[in-house]
Each structure stands twice: as structure tokens, then as C-alpha cells.
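These notes concern the structure reproduced below.
The values are calculated or read from the model by the stated rules, or taken from the named source; none is laboratory data. What you see is a predicted model; the values in this text were computed from it and never measured. Ideal geometry is used to build each Cβ from the backbone, glycine not excepted, and the neighbour counts take in all protein chains shown.
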Amino acid sequence: MQRTDDGQVIRLSDYCPPAFRIRHIEMLVSLTEGRADVVTAIHAERAADADPAVPLELDGDALTLVSLEIDGAPADAGRFSATPDRLAVRDLPPAGQPFVLRIETRLQPEANTELMGLYRSNGIWCTQCEAEGFRRITYFLDRPDVLATYRVRLEAEREAAPILLANGNPSESGDLGDGRHFAVWDDPHPKPSYLFALVAGRLDVLKDRFETASGRPVDLAVYTEPGLADRATYAMDALKRSMIWDERRFGREYDLDVFNIVAISDFNMGAMENKGLNVFNHKYVLLAPDTATDGDYAGVETVIAHEYFHNWTGNRITCRDWFQLCLKEGLTVYRDQEFSGDERSRTVKRIASVHGLKAQQFPEDQGPLQHPVRPRQYREINNFYTATVYEKGAELVRMLATILGEAGFRAGMDLYFDRHDGDAATIEDFLACFAEATGADLEQFALWYDQAGTPELEVRESFSDGRLTITLRQSLAKGAAGTGTEPLHMPVRFGLVGRDGTDLAAEPSAGTAEVEGDVIHLTTAEAQIVFENLSERPRLSILRDFSAPVTLRHEQSREDRLALARLDPNAFGRWRALTDLTGEALRDAAAGASAEFDPRLIEILVDCAAEERLEPALRAQMIAVPGESEIARLVGTNVDPEAVHTAREAMIRAVARNGADTFRRVRDALARPGEAFSADAESAGLRALSNALLMFLSAAEGTPALAREAFGRADNMTDRMAAAAILAHRFPDAPETAGALDEFYRRFESDPLVLDKWFTLRATVPEPGTLDAVRELAGHPKFSLANPNRARALIGGFATGNQRVFHRADGEGYRWTAERLAELDRLNPQTAARLATAFRSWRSFEPVRREQARAALTDLAARPSLSRDLSDILERTLA
Ligand code: TRP
Ligand code: ZN
């Protein structure tokens, strides 16, 4: 049974340190078919400053207490009370007298459909404890500021579970007779309970070794379901590269004898950084050229790095409480972004990150689920693993690096690692290290963590007699999640671009904001910067590299913006100028203001595709037409998704018509017939450009022939998916499409990760008939709500990837989705709640749809016994 909502709100301002310390834990987990017996010995002591009368109150969730001993003797019934979600023990010794509680619980992992705590995935026993899953295994002070060392003994049948894994280093193992065996694992590093993990089952393994900079040998292993270990080679390679990178870039070495990764089919999120035993959604481990796209390869590299980097930012230094989640997540995302940038192309990676931020975090920050990077309250912490905490959190760390400079940032990080190793820390602790290491005053900067909403940055410029005046003004929307609207410290990177496409070397002669190199430090609501004696009127390239996560309103002439799209020497600046121009053109077209696109803009898009000096991956990013939900966000209010779809199609056709000859020529020149497949970034870039051009060419020709041919010829999943998507989305009724999708299905029907792609492909066809298709797919023998990847592929694919049909005017898209969410909530509340965020922008649609969405949401929210996860999202979405 899932927890239903008790409406209780947890507040940061109520934080109190725990009244008891738990320094060491010994656990025995005995696994048999249908049940798990858990005995936990907790070595505890009352805190020195705690009330000597206060009972020890341990958290539980759906637990059954089998027995309780205190210091080796059965506890008297009068000394404790146990419910499924709490174990209270009275009359415990005063501070200075450690005691041991021995708690026995019995679990049913097979019945655990929430995938939190101990559960089984395809027969494999595994755990997920972040944020509050450990309390589903045993009663505990399940909060991140309780750090203990763990010794874990696992017992199971050798046949069912030849592999027995837990955190830390392996110690003893052996036979128990009766076909059973055991393994003991020791984790010497004190850790919070959310980092606990165990895995047991029949698994294949890919092994490797690593030697740290100081000479410590580490045994590396990636475990998979039987027969799949050969798909883990890229993940292993990414792991070793991550380990080297963290040593070089941050001076951080690995600290155990083993590092284990396990790939699991049923998983609520991407992956989990459990100490020494990372557990992954198999989507972020398993790759083969024939089954995975270049996007999948990049995703594996990112997530492997992310979880590995958590070993220092998250595990060695953890969070004091869950309000500080961005302390580990924002920082670790920043680190994985930097890693990917270094391993691939910095500009391409930065553009991808900014694109993701605008597509995911901006709508969250501008809608009803808005919250500060450090929230001040929550009802269900699972609902705060958000784009704001992760991606905006990473942007705040990036701004810190921009403000302090590379050396200052590194000095602050060094001090943070040094001072807080072994701590459960706060954002204040983190910022204090940078302030101290550099002498900077970060008090104003700290407001970024507490003020919700996307700030606006308004820029105006005037030029006469060689004198350029730039005026910057910042503002935060009033009433943003009840948080403040104080001016923030915004680092604004800029360049003055001359006629010849180089940056003018100019120093400001006056101004009310500090300028350091190419960064303006905007710290007031408004500021001016003046440049004098300029030999020409420069084009202002502002907010380069997206140096602050803001909405830019730049009053700049169309001529200047078109010029920047062509010749800004900063490639990010070109991308920004171009996507802003296409975005505005689409917004105006979708709002009915203009049906014609500026031919100069179309021409630049076409020219970009052919521009030899730009790397192909960058060209693909430049010519990408913004997606329908991005356009909807730009329209902002009274969105009509039909008009958005029509506008986007019109732009695709305009570009295709004007560019067909160029695109054909460029695409032919990119072809590398006979060359063996390589997953490296450069090859991926060639494929990205080639497939972007294939889409335009198919639109220009208006027939499925090209895409069908590409589909048949594809020798890798990137090209196959790209062709299939063109067929499915642009030629839904063509016999070529039906043939290709059937072929795809038959070939990959027993490969779950590829089958997910097929479900998503079918759910994202932007035609009214897709509603019948998704209804049918929900009854498909291969569909299952119990597997989160499959549920996300169909429901998420439809609700977030098919704006036109999800937002049908008759409300059927909303009602179908709400119905599935209600079903899923009974199995897996966390995944249901996450999928429900697809409704977050409902208020920006035109009145008919708005009313339909409101009705569907209200109806869903009124159902009895919804989980805390889902009702929290629904109530905030409707508020
Ligand atoms: N800490 C994990 C990460 O960012 C994510 C995570 C949080 C998670 N809660 C989870 C993963 C629940 C799986 C299930 O890497
Ligand atoms: Zn993380």
C-alpha cells in the first residue's frame, strides 16, 4: 500500500539536529523467494545536548516489526511502540552511554511496485534508498545528517543469487550449506542511509582495473542482466575517463578498493550514486551501435560521470537536510557538464545544456511548480528532484565560477573538499568556502538560491560620436513562489563585434557596474556602461555562453541581430542570435501576427548548414527548428497548439524550399560510405547534421522516399531512428511508414530499450488519430505500467512529446493521460507524479483547452487515496 497524503508540510526553518547519534550499523539481510529477513544492529548514543527524557523516534514506511532487542535483551512491550511508519523507544541511556538496538523486520520485495526500498527487477534483488527508501527496509533515523559506517552480511541461495553486492569493500564470503551462501561488505566511510545499497542475483559482469594518481588499485565492474555485459564497454570507458578527469580537474581520487555499477531494468530515475555500488537504469549503461543512438551514448557518458562525481560531491560531503539537495545535485551536474564539454566540444555541449535548461527549467520556473533552487518547504521530497534543483542549480555554480574566475573557483572547491570532508553540509557552508578562499563577498550572490522565477535582463544601447552606452536592467517577477525580488549578482559576458567579425578591444571609460575582462557584474537593478572613442558602431553580443540563467530582452535592431547570427566570433553568440530570431518568428507566426518569414533569416539558416568552418554538430544545432512546446512558451498566453504546429511546419517548408539544393550537396558530401561505425563526438556530429538535412529534404520533396531509403540503408540506431521519425511524423499514412515501423518492431521486439523508442515514436505522431493509437498501445502485450521506462515511453512520450494531440481541444488527450496516471499511482507514485508534471503549463493555453485541462486535473485530484507524491503535484499545479 502506498502512503496517502496527510498534508503535512516540512519546513527548512524547522530544522533540528537529531537527538541521537548512530555511528555504526551491522546488517544481516537474508533473501529467499518471496521474502527478505532483515536484522539491523544500530550502535547509537544520545546527543550530548539532547533532552535525557526524549525517546528515540525512528522512521519507517510500510514496515512490520518482528522483534526488538536493547543491548542484547528483548525490549519490554512498555518501552517501545511500533507502527508501519514509526518505531519509538523510551527510557534509553543518557549521553555518554552508547547502546545497541537490534531491529528485525520482514519484507516482501516481490510486492514492492514503488521501486523504493528493497525490490526485485527481473528477478534481481536491488535497492533504491534516496531520498527516503531506507525506512522501507528497516526503522532508522532516515535523514542525511546521520552518518554511520556499515557492515552488511547478505545471504541467499547460490543458484538464485550467485552475485551478492553491497557498499564498500568486500570482506568475507563463503558457503552456508543447503545451497545457500553469504558475503560480507564493509563500508569504512561514514554515510547517510540514503546511500545504502545491496544487489543480489544472477548477473553478468564486465571487469576492468584503474590505478588512482596516488597508486591505489581499484577493481572496476559493470554488472548486467545475463547476456548483456558486452553492451557495457562504452560505460566502462566513460567511467575510467571520469575517474581521470576528476583527478586532473578537481584533484579528487577514488577511495575504495572496488567500484561497482549494476544496470537494472526497473528504475524510477536515471541512476543512483550509492557508495561504491552505483545502481543504474540500464538505459544509461547498455549500448550497441545497432540499438543505441548518439544521444544515448552521450547520455550514458553524462550519467556515468555524474554518479561517479557524486563520490565526492554528495557522498564524502553530503547534505545536512533535503532542502540542501542542490548542494550535491547542482554541483554534480555542473561537474558532469564540464566533463562532457572537455571530452567533446565545449560549445556544442554548452548549447545543448542551455537548450535543455530553456526547454525544461524555464517552463518549470515560469509555471505553478516554480520553486527556489533551495526550496523552503515541501510535502514530498521526491517531487523536488527537478530541473530547477539540478539544472538551474548547475547554472548557479557556473556563475560562481564566472564571478570568481577559474583559479578562485578551484581554490574555493579545494577548501570545500578539505573543510567539509565527512560532513553533512549546507549551501551556506559551501558559499563560505568560496568567500574565504577568494575574499569575495557572496552575500548578494546567495539570493539566487532563495529567489524563485526566471529573472529578466533588459538591455538597451545607444551610440553616437564613437560613444556606446549600454543600459542593463534586471527584474524578478513579483510574488514568485512567495520569495523575494531583490537585485541579484548577474555576471553578464559580452563582446563588441566589429564589422569584420572580430571583437573590438575596448575598455569601458565609465559606468555604474564593475567590468572585469569580458564580464559585466550587474549587481543593481539598473546600471550603465560607457565605451568611448570607438572607431565604428559595434554590434553588442550580450550574455555570451549564457553566463546567467535569465530571460534576455535586448532592444537590438534586426540588422544587428542578423549580422550577429552570421559573424559573432563567439559561436554560442551566433547560435543565440539565430535561435532567438527563429523563436520570435515562430512566436509571431503562431500568434497570427505574420505568416511570412524574413527571407534573410531563412537564408542564414541555409548558409549555416553549409558553413565549412563550423563543426557539423554545431551546424545541426544552428539549423534546428525550435520544438512546439518551446514555441508555446514563447507565445506565453492563450496558446493554440494547432497554430503552433502550423507555424512550425511553415518554417520547415520555407527553409526546405530555399535550402534544398544546398542541403542535398552538403548531405552528399557528408556521406562516408563503407566507413565502420564510430560513436565518437565527431562522427555523431556528422550524423546529426546529415539527419537534420534529411528532414528538410523530405519536407521539400513531400514524399517518404528519401527517408524510407535511409531507413533501409541505416547501419546504426541513430540513422534508423532519424529516418523512422521523419516517416512517422511527416508521412504517418504512407505505406512506407507502416512497413518501416513494422520492420522496426519485429526486429527489436525483444529488446526493451529499443522497444521503448518504438512506443515513443508512435505516441509522438502529431496527428489527431494518435489518440486512438495510444489507447491501443496501452493495451499492447508489451506495454506495462510496472516498468517505468515503458510507462514514460508511452505516457510521457504522448504528454510531453506530442503537444498537438495531448492538448486536443476536446480534452480527450488530458482525460486519457489522467486515467493512466490514476492507474500508475497505485503502483508507482513517484513515477506517476513525475509524469503528471506534463500538465504544468496548462494555464498558458487558450480558454477551451484551459478549461478541459482544469476539469481533468480537478477530477484526478478528487479521487480517493491518491499518493502524497501525486496529490502534491496536482494541488500545486491547480493552485
Ligand atoms: N541522486 C540521484 C542522482 O541524481 C537521483 C535520484 C534521486 C534517484 N532519487 C532517486 C534515482 C530515486 C533513483 C530513484 O544521480
Ligand atoms: Zn545526482
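Observations
- Residue tally, condition surrounded by 18 or more Cβ atoms within 10 Å (Cβ to Cβ), more than 24 Å from residue 641 (Cα to Cα) and in contact (Cβ under 8 Å) with a residue 60 or more places away in the chain, over segment 840-875: 6
- Within segment 765-779, considering residues that are assigned to a loop (DSSP other than H, G, I, E, B) and out of contact with any helix residue (DSSP H, G or I) (no Cβ under 8 Å at 6 or more places or on another chain), the one surrounded by the fewest Cβ atoms within 10 Å (Cβ to Cβ): 779
- When residues in segment 762-799 are screened for being free of Cβ contacts under 8 Å to residues at least 12 places away in the same chain, of a type in the set (A, V, I, L, M) and under 24 Å from residue 110 (Cβ atoms), 0 of them pass.
- Filtered residues of segment 532-550 (kept if surrounded by 16 or more Cβ atoms within 10 Å (Cβ to Cβ) and polar (S, T, N, Q)): 541, 547
- Considering only residues in segment 276-299 that are in a helix (DSSP H, G or I) and within 15 Å of ligand 2 (Cβ to nearest atom), the one that is nearest to the chain's Cα centre (by Cα) turns out to be 299.
- Among the candidates 165, 154, residue that is within 30 Å of the chain's Cα centre (by Cα) and in contact (Cβ under 8 Å) with a residue 40 or more places away in the chain: 165
- The set of residues from segment 486-525 being crowded, with 17+ Cβ neighbours inside 10 Å, assigned to a loop (DSSP other than H, G, I, E, B) and either at pLDDT below 95 or of a type in the set (A, V, I, L, M) (or both) comprises 488, 504, 513.
- Of note, residue 665 satisfies the criterion of being over 32 Å from the mean Cα position of the chain (by Cα), surrounded by fewer than 17 Cβ atoms within 10 Å (Cβ to Cβ) and assigned to a helix (DSSP H, G or I).
- Checking each residue in segment 331-373 for being within 16 Å of ligand 1 (Cβ to nearest atom) and either over 23 Å from residue 630 (Cβ atoms) or in contact with a strand residue (DSSP E or B) (Cβ under 8 Å, 6 or more places away or on another chain) (or both) picks out 331, 332, 334, 335, 336, 339.
- Members of segment 96-127 that are in a loop (DSSP other than H, G, I, E, B), within 16 Å of ligand 1 (Cβ to nearest atom) and of a type in the set (S, T, N, Q): 112, 113
- Of the residues in segment 224-235, none is under 30 Å from residue 44 (Cβ atoms) and crowded, with 21+ Cβ neighbours inside 10 Å.
- Segment 258-275, residues that are touching a residue at least 60 places away in the same chain (Cβ under 8 Å) and more than 16 Å from ligand 2 (Cβ to nearest atom): 258, 260, 262, 264, 265, 266
- All positions within segment 128-143 that are among the hydrophobic types (A, V, I, L, M, F, W, C), in a loop (DSSP other than H, G, I, E, B) and within 14 Å of ligand 1 (Cβ to nearest atom): 129, 131
- Residue within segment 304-322 that is within 14 Å of ligand 1 (Cβ to nearest atom), under 28 Å from residue 686 (Cβ atoms) and free of Cβ contacts under 8 Å to residues at least 60 places away in the same chain present: yes
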